[in-house]
1. Cα convex hull of region B:31-93: mean projected area in nm², to one decimal?
2. Magnitude of the Cβ-charge dipole of region B:1-75, K/R +1 and D/E -1, about the Cα centre, nearest 20 debye?
3. Working from the alpha-carbon coordinates of region A:66-269, get Rg over Rh, Rh being the Kirkwood radius.
4. Of B:Ala264, B:Pro175, B:Gly44, which is farthest on the positive side of the dipole of the protein assembly as shown, counting Cα position, with +1 on Lys and Arg Cβ, -1 on Asp and Glu Cβ, and the Cα centre as origin?
5. Give the shape of region B:275-324 as rounded, prolate or oblate, defined through the alpha-carbon gyration tensor: a ≥ b ≥ c are the square roots of its eigenvalues, a/c under 1.5 means rounded, and otherwise the shape is prolate if a/b is larger than b/c and oblate if not.
6. Using the beta-carbon distance between B:Ile291 and A:Lys183 and R0 = 35 Å, what value does 1/(1 + (r/R0)^6) give for FRET efficiency, to the nearest 0.05?
7. Give the residue list of chymotrypsin sites (Phe, Trp or Tyr not before Pro) in region A:88-163 that are DSSP loop and have at most 14 other beta-carbon atoms within 10 angstrom.
8. Placing +1 on the Cβ of each Lys and Arg and -1 on the Cβ of each Asp and Glu in the protein assembly as shown, which of B:Gly54, A:Gly155, B:Ser127 has its Cα farthest towards the positive end of the resulting dipole?
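Coordinate-derived values only; no laboratory data. The shown structure was predicted, so the numbers you read here are calculated from the model rather than taken from an experiment. FYI the Cβ positions are ideal-geometry reconstructions off the backbone, even for glycines, and counts take in every protein chain you see.
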There are 2 protein chains.
Amino acid sequence: MREKILGLLLARGGEFVSGEELSKVLGISRAGVWKHISHLREEGYSIASQTRLGHRLERNSGPLNKYVLGHNLGTAKMGREFVIRHEVSSTNEVAKELARAGALDGTVVLAETQNGGRGRRGRQWLSPQGGIWLSVILRPGLELKDVASYTLLAGVAVALAINKVTGLKAGIKWPNDILIRNKKVGGILAEVFGEWQAVDFLVIGIGVNANLGEQDLPPEVMAASLSLESGRPVLPVDLIQAMLRELERLEQLLLAGKLSEVLAEWRSMAVCLNCAVVVKEHKEEWLAESIDIAEDGALIVKTADNRLVKLYSGEVSLRGSRGDYNFN
Amino acid sequence: MREKILGLLLARGGEFVSGEELSKVLGISRAGVWKHISHLREEGYSIASQTRLGHRLERNSGPLNKYVLGHNLGTAKMGREFVIRHEVSSTNEVAKELARAGALDGTVVLAETQNGGRGRRGRQWLSPQGGIWLSVILRPGLELKDVASYTLLAGVAVALAINKVTGLKAGIKWPNDILIRNKKVGGILAEVFGEWQAVDFLVIGIGVNANLGEQDLPPEVMAASLSLESGRPVLPVDLIQAMLRELERLEQLLLAGKLSEVLAEWRSMAVCLNCAVVVKEHKEEWLAESIDIAEDGALIVKTADNRLVKLYSGEVSLRGSRGDYNFN
């Protein structure tokens, strides 16, 4: 019932809705409407009530809610279903379980906190309240070789959404760390399951340090949050919707055979192309110059003896001040 | 206890082991030994017993058993653990569950029958008693792009093993159907789970119509069994061991960076290279000539207007009599 009330208030786009109308539509007494409204306030929603006018919801208030998230989202697929949890091990784990059980293409899993958040290769990812921890289930009917494209595409979507919503200039470090002023504010963990020629499902996990304070950030990494970098809180609904819209737009490009356009966007947001990097691969470290991204997702680097090498699983780190090249 | 007795008899390689020795080593009475031996006979093991000499096991008798399978297997990894079930939905399903629960690299799952056996893309695969239904769990520390190599490698391993054990000339139809005289005797279903840059696990499912009669074969497909083609039953243990040895040898080639050698073996067993094929892709059908296998697993075909095209997810079927090219 409370979600229905939220939905009705949202549908009115910030206008007042009279208690009489709510009680009619919902088939409950006006006292009942009042009771639910006060419960919603207790849950954190900011609802203004005036005797003659009725009730008005401030959209960006309260916990994440599928009515709020779905309102004016404007996507056909991304977010067609929202699964919202308070605390999970990780949204990717929940998404994988749901995908195995048959969840729809475009289902989005969100959680307020993750107690077992992970980055790539099983690394820990701190996920306290205030961040955006989200996974999208995709059933794209693709081959395994296309997973790389989706991984890159997701990085572009997150960086662009941050840029649009906060005005901050977010960049991508290969393969898909999201950086602001060379500090990590987000990351992507794509996990896939399927046959070589027929992907069963792809889960794209996105973590963004949205409204985290200094005390919430891991001390050992160069990390930052959007709120710290911009000096003001980010509205989670806005950022989530923007990411889902970008994901959908970029996937459509990809499905239309326009990977080159996705890669062009990736290049334009890369924090380090044509710059010196340290490559870590198979426990060795060597210096190189990053040159380009390849269609298969590999980073093309030039070695000290001028050979071009494609990196698939190695790590790169930016090297000193030249790391800022192409950035800020 | 019975498995221990089997192990001891096997270790003696077909020699007689005295009841006294068995009772000493196992710490049970000679009457107890006798009781277990008769139970083993009831289970289908052929054990010869002579009063003065003791007991002797005929290796290729009785149900599949990890002691029998492991005896003289000679691999370091493939088959380091055997999980043997009577009936399963599919060995791939069991293997995936075990893999998610942390099963070791090289674990082999075997079942006498599958009630939900599947081919590629969810197609049904009849799996009655008499066939070999097996899955290998691999945790190769690979990238997704290497899954294609493993898929091809598995086809080579199965075809070679059939050849070695039965003398039948088995060939591979892209991507990895196993054919004898243009009839399907086996197939491979590789399923993968992991991150783009770090495969968590790979399950290679292998199905071989070993000792199936006419009545066990699906009528609508050109199918055959090894026993029907060779006119005599195949010894399952021999074939399974041969497949695991070939898998291990070929994986070692791959890990040593010698994919080109694996592909050379694949080519030498391909039933249709440089021959006319019908390509089915995206619900369209067109004629082409199959030319070669690519490093990324794609089949390179030449179109009617002489363009070279790489096939990833399409299907090919052999075209009339020319389909026998390179075969038999």
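1. Values: hull surface 23.8 nm².
With every direction weighted equally, the projected area is 5.9 nm².
2. Details: 11 positive and 7 negative charges, 22 e Å.
Taking the Cα centre of region B:1-75 as origin, the dipole is about 100 debye.
3. 0.93
4. Of the listed residues, the answer is B:Gly44.
5. Working: a/c = 1.40, a/b = 1.22, b/c = 1.15.
Because its axes are fairly even, with a/c under 1.5, region B:275-324 counts as rounded.
6. Details: r = 50 Å, r/R0 = 1.44.
Given R0 = 35 Å and the Cβ-Cβ separation, E is 0.10.
7. Nothing satisfies the criteria.
8. B:Gly54
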